[in-house]
Structure formats: structure tokens, C-alpha cells
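Colleague: I'd like to ask some things about the structure below.
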Amino acid sequence: MDFRFTEEQLMIQDVARRISREKIAPSAEHHDHTGEFPLENIRTLGENGLMGIEVPAEYGGAGMDPISYVLAMVEIAAADCAHSTIVSVNNSLFCNGILKFGSEEQKQKYVRAIAEGKEIGAFALTEPQSGSDATAMRCKAVRQDDGSFVVNGKKSWITSGPVAKYIVLFAMTDADKGAKGITAFLVDTTKPGFHRGKTEPKLGIRASATCEIEFQDYVVGAEDVLGEEGQGFKIAMGVLDAGRIGIASQAIGVARAAYEATLDYVKERKAFGKPIGAFQMTQAKIADMKCKLDASLLLTLRAAWLKGQDQKFTTEASVAKLTASEAAMWITHQAVQIHGGMGYSKEMALERYFRDAKITEIYEGTSEIQRLVIARNETGLR
Ligand code: CAA
């Protein structure tokens, strides 16, 4: 076992840190306040290889490993969680499935523009009535004689939906078969039959745009079926395994930002004649924050390492996401508490970290679903 990062991994971490500090952190408050999508920063991230970190160079990406992805995501999320949401969807949810299951034509057509940050990608699984129970979807795709499909139905909570050019869509092609009746499709949002619905007003990650989408007799050609008919649920689950590494990294980034702000504050702020960091009650919180942060990072790197070795990492990704997201919620909560009134004020970033951290316990599988995945895999029972 070697705990050192490679030169390449350190290099991409450095690039992500530089852009995060110079461009993302200074505009984070503005983007949170206005909810404006940070297109210019996303383009910059794309130009520097950060929108397709694990995508091979021949498809427009940086060709790096999953550990590099973790390191970059942590830096971006530490500057602004909303930016890291957009980065994670392009990198993990959009590109991963196409790289693994897509044809050469699909990789060239759909992955390149997204990996280069020239276009935005999205992933459409959730529906108004089906979130955790993903197989309960109603969006239907009906096969035509020429091999194309006609899609009708709604999807909700689509991250980057308002700006996405391409979407990986999951729709039911044979309702009698349940999970085995779901098929994945590649959708071009400029084609007829694609509509955007209401944009969600959100508690946090406000600059990552989220909306409902609707398909009305939208035609997908046979060449845009991803993988095989009926393979969609497995594709979705495999992609989410990888996505959960990204969300764990995001949780670590926002938690680290809150932790570092707290470390500075407890040394400066005085009460009863000494820095509040000298009080044991504060020290206990600092120690617990540090332990949770380190544990989250090590667990996330373990999942990323397994992915890089082409080994199964479903349980490890869920362990990482569950641990890191609950740590992020706890750390940002304690950081607000330690900052007192200042933590509650919009004049500091702490309250934003607290609001942003919450989503990591919800999307790409709630904490309850992570526990279900871990326990099912550990016990073999369901
Ligand atoms: N990899 C590959 N295949 C998998 C898999 C995995 N990780 N997990 C399950 N499968 C396969 C199973 O092997 C099974 O196939 P077989 O019958 O051939 O064995 C099939 O999929 C069905 O599996 P289950 O019976 O376990 O399915 P289930 O209905 O019990 O659901 C679940 C399992 C874990 C609860 C799943 O529905 C789930 O993960 N739900 C959460 C969904 C989720 O994370 N949504 C997030 C939306 S996307 C999002 O948030 C994006 C964003 O905006 C940023």
C-alpha cells in the first residue's frame, strides 16, 4: 500500500485548486445569491481537462484515473459546492455510462463536447413519483418498426436540465419486466418533442440548475440506444456507483472548507480571556471534525482506487458516500455552531456550506439507500 499520490494526480489537484481559488471561490457568493449558472467557469474547467477527468484523450478528456477525479472534485467543492455538482454530472453521470456501454460513434458524438466543457450533460432517472424506487418509472419508450423509439413521459430533479445539450435518459421499454424492462437512451435536447418544465428553487447548490423535463412523442433513433434494450437499470446502477464517489468527494470538499474556516476562527475569536479553540468543548469538536474528514477521504480514495483497478466497488462507493455526506452535514453544522452569530450570517460562507452540504445526503441515493445497498451486499439478504 502506498499513500503517496503520483505526479499526475498532484498536477490535476493543483490545476483544480488554482482555478477554484482564482475563479470559483470569488464568484461563489454571487452565484449562490442569484442562482445564475456559472457557464464561464465551467468553460474554464473544461479547457483545463476538468469536465472529463477520466475520459480518454481521444474523446476530449484528460485521461486521468478515478483518484485524480476525487482530488479535483474536493478542490472544486471546497470553493463552491454548486460548481462541483455540475462537474460531477458531466464527469460521472454523463460520461461514465457512455464510455462503458456506448458505441464508438456514440463516444465521438456525445462524450467529446461534454468532456471539453463546451456543452453540458445530464442524467435523467428520477421521476415525480419515483426517486429511491427507481424501477417504478413511468416514462415510456415504444419501439417502432424501423428500430427507433418514441418516448413519452416526465423526469424530475434533472441536474443541469435547464442548460444540458445532451441527456442520458432511462425509460421503460417493457413494463412487465420491471428492472429488466428499462432501456438507456441518448437524447439531444434540441430535437422536437423535448420540453423543459419548472426550475426547482433549492435550499443549496443554487447555481446548479435543476428542472423537470418532459418528452412528447420524442423520437430516438436506434443508433442512440445506449447498451442493449433492457440493460438500462444496470447501466444506471453502475453509473451511480461511480457517481457516488463524486458526491463523497464533493461532501469532503465542502466539509473541508467549513473545517478550515473554523480552525482559523477558533484561534482568533476570544471569550473569557482566551481563544475559544483553547476550550475543551471546542477542541472536542475540532478533533471529531478532523477524524470524520480524514475517514471520509480515505474511504473515498479506497472506492476510487478499486474503480481504477476495474474491481467491483459498489459497497465501497456507498460506504464512502454515506460516511462523507453525513460527515459534511455534521461538520458544517458544528462549524456554524462554533461561529455563533457569524455562522448564521450571510456575510460569511458558513451558512452556504451548511445549506449546500445537505444535498449530499439526498441525491445519487439517499443515506437510507446507501445503508440498504451496504447491508444487502454484506448480508446477502433483502
Ligand atoms: N451495478 C450493476 N447492477 C446492479 C447494481 C449495481 N450497483 N445494483 C443492482 N443491480 C442490478 C441487480 O443485480 C438486479 O439485476 P439481476 O436481477 O439481473 O440480478 C437489478 O439491477 C435490480 O436490482 P435490485 O433488485 O437490487 O433493484 P431494487 O429495485 O431493489 O433497487 C436500489 C435497488 C439500490 C434501491 C436502487 O433502486 C437505487 O439505487 N435507488 C436509488 C436511486 C438513485 O440513486 N437515484 C438518484 C437519481 S440520480 C441523481 O440524483 C443525479 C443528480 O441529480 C445529481
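Colleague: What is the log10 of I(q)/I(0) for the stretch 234-379, computed with the Debye formula using one identical point scatterer on each Cα and no solvent, at q = 0.20 Å⁻¹?
Modeller: -1.07
Colleague: Let me ask something else about it. Would you mind putting 52-61, 342-351 in packing order, based on average other-beta-carbon counts within 10 Å, highest first?
Modeller: Taking the mean over residues of other Cβ atoms within 10 Å, the ranking is 52-61, 342-351.
Colleague: A further question follows. If you count, for each residue, the other Cβ atoms within 10 Å and average over each peptide, how do 313-321, 262-270 line up from highest to lowest?
Modeller: Those peptides, ordered most packed to least, come out 313-321, 262-270.
Colleague: Connecting C-alpha atoms closer than 10 Å in a GNM of the chain, tell me which of Gly232, Gly147, Gly273 has the biggest fluctuation.
Modeller: Its mean-square fluctuation being the largest, the pick is Gly273.
Colleague: So if I take the centroid of the Cα atoms in the stretch 216-290 and the same for the stretch 310-382, what is the distance between those two points in Å?
Modeller: Comparing the Cα centres of the stretch 216-290 and the stretch 310-382, I get a distance of 6 Å.
Colleague: Compute the semi-axes of the equivalent ellipsoid of the stretch 122-229, taking the square root of 5 times each eigenvalue of the Cα gyration tensor, and list them largest first in whole Å.
Modeller: One finds semi-axes of 23, 16, 11 Å for the stretch 122-229.
Colleague: Let me ask you something else. Show log10 I(q)/I(0) for the chain at q = 0.09 Å⁻¹, two decimals, from a solvent-free Debye sum over equal Cα scatterers.
Modeller: -0.50
Colleague: If you take the square roots of the eigenvalues of the alpha-carbon gyration tensor of the stretch 61-147 and sort them as a ≥ b ≥ c, do you get rounded (a/c under 1.5), prolate (a/b over b/c) or oblate?
Modeller: oblate
Colleague: Let me cross-check Lys285: its accessible surface, 1.4 Å probe, with only protein heavy atoms counted, in Å² to the nearest 10?
Modeller: 60 Å²
Colleague: Taking only Cα atoms and a 10 Å spring cutoff, compute GNM fluctuations for the chain and point out the largest among Lys290, Lys118, Lys177.
Modeller: Comparing Lys290, Lys118, Lys177 in the GNM, the peak value goes to Lys177.
Colleague: Counting only protein heavy atoms, what percent of the accessible surface of the stretch 122-229 is carbon or sulfur at a 1.4 Å probe?
Modeller: Within the stretch 122-229, the accessible surface is 47 percent carbon and sulfur.
Colleague: Please give the calculated 222 nm ellipticity per residue for the chain, where each DSSP H segment of at least 4 residues contributes -39500 (n - 2.57) and the sum is spread over every residue; nearest 500 deg cm²/dmol?
Modeller: The helix contribution divided over the chain gives -15500 deg cm²/dmol.
Colleague: With a 1.4 Å probe and all protein chains left in place, how much of the accessible area of the stretch 240-382 comes from carbon and sulfur atoms, in whole percent?
Modeller: Carbon and sulfur: 57 percent of the exposed surface of the stretch 240-382.
Colleague: On the accessible surface of the stretch 57-116, probed at 1.4 Å, how many percent belong to carbon and sulfur atoms?
Modeller: Using a 1.4 Å probe with all protein chains present, the stretch 57-116 comes out at 51 percent carbon and sulfur.
Colleague: Tell me the Kirkwood hydrodynamic radius of the stretch 7-120 in angstroms, computed as one over the mean inverse distance between distinct C-alpha pairs.
Modeller: 13.8 Å
Colleague: Same structure, new question: Which residue fluctuates the most in the chain, going by a Gaussian network model with Cα springs under 10 Å, if the choices are Val239, Val168, Val150?
Modeller: Val150
Colleague: Report the local net charge at Arg21: Lys and Arg +1, Asp and Glu -1, summed over other residues whose C-beta lies under 12 Å from its C-beta.
Modeller: Result for the local shell: -1.
Colleague: Given a 1.4 angstrom probe, what's the average accessible area per residue across the chain, in square angstrom?
Modeller: For the chain, the solvent-accessible area averages 45 Å² per residue.
Colleague: Considering only protein heavy atoms, what is the solvent-accessible area of Leu306 at a probe of 1.4 Å, reported in Å² to the nearest 10?
Modeller: 20 Å²
Colleague: Using a 10 Å cut-off on Cβ atoms, rank the peptides 326-339, 17-30, 88-101 from the highest mean neighbour count down.
Modeller: Packing order, densest peptide first, comes out as 88-101, 326-339, 17-30.
Colleague: What does the charge dipole of the chain about its Cα centre add up to, to the nearest 20 debye, if the Cβ of each Lys and Arg holds +1 and the Cβ of each Asp and Glu holds -1?
Modeller: So the magnitude is around 1100 debye.
The values are calculated or read from the model by the stated rules, or taken from the named source; none is laboratory data. Keep in mind the model is a prediction, meaning the values are calculated, not measured. Note that each Cβ is placed from the backbone with ideal geometry, even for glycine, and that neighbours are counted across all protein chains shown. All accessible areas refer to the heavy atoms of the entire protein, side chains included, with ligands and DNA or RNA removed. Shrake-Rupley method; radii C 1.70, N 1.55, O 1.52, S 1.80 Å.
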